[in-house]
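Here the structure comes first, spelled out in structure tokens, and everything after it is commentary.
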Amino acid sequence: MIKSLDPRITRAEIELENPISPLKDLDQWETYEVFHQKKRGDQHMHVGIVHAPNAEMAMLFAKEQYGRRGMSVNIWVVKTKDVLTSEYEDTDMFDVTEKLYREASGYKVMEKINKYKKENKNKV
């Protein structure tokens, strides 16, 4: 294993005689979509793309490129070719009937809240 003062190299456990020859079969590396999570419980957000010969290297590149830019607690990498997308012609699947009851803007309580705050301003 390569001995390094850099903990990222040590954690990757890269062997000195690595049997992987990434450009043997590929003339270009595959692309991987990178998603990161800022803190536990948050959703993962797409932050960019890395080019890598395999998933392990994509994870290493993603940690180096996107993990150091800001707060991250978790990173996902997914091959770009494995991401399924809908067609723009299929927009009818997103047409839904109006459901304003799902949005808070449909409730008229702001007047009551402001009135309560005004009346109890001195009590609190």
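The values are calculated or read from the model by the stated rules, or taken from the named source; none is laboratory data. The model shown is predicted, which means the values in this text are computed figures rather than measured ones. Quick reminder, even Gly has a Cβ in these numbers, built from the backbone with ideal geometry, and neighbours come from all protein chains shown. These area figures cover heavy atoms from the full protein model, side chains too; ligands, DNA and RNA do not enter into them. Shrake-Rupley method; radii C 1.70, N 1.55, O 1.52, S 1.80 Å.
Do we have any residue at all in region 18-35 that's within 12 Å of the chain's Cα centre (by Cα), modelled with pLDDT of 90 or more and part of a loop (DSSP other than H, G, I, E, B)?
no
What are the residues in region 40-80 that are exposed (fewer than 13 other Cβ atoms within 10 Å of the Cβ), of a type outside the set (Lys, Arg) and over 24 Å from residue 28 (Cα atoms), if any?
Answer for region 40-80, where residues must be exposed (fewer than 13 other Cβ atoms within 10 Å of the Cβ), of a type outside the set (Lys, Arg) and over 24 Å from residue 28 (Cα atoms): 41, 42, 43, 45, 70, 71, 73.
Could you grab me the full set of residues in region 81-97 that are open to solvent by 100 Å² or more (accessible area, probe 1.4 Å) and of a type in the set (A, V, I, L, M, F, W, C)?
84, 93, 94, 96
For every residue, the table says whether it meets (1) within 15 Å of the chain's Cα centre (by Cα); (2) closer than 30 Å to residue 38 by Cβ; (3) modelled with pLDDT under 85.
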| residue | (1), (2), (3) |
| --- | --- |
| 68 | yes, yes, yes |
| 86 | no, yes, yes |
| 102 | no, yes, yes |
| 119 | no, no, no |
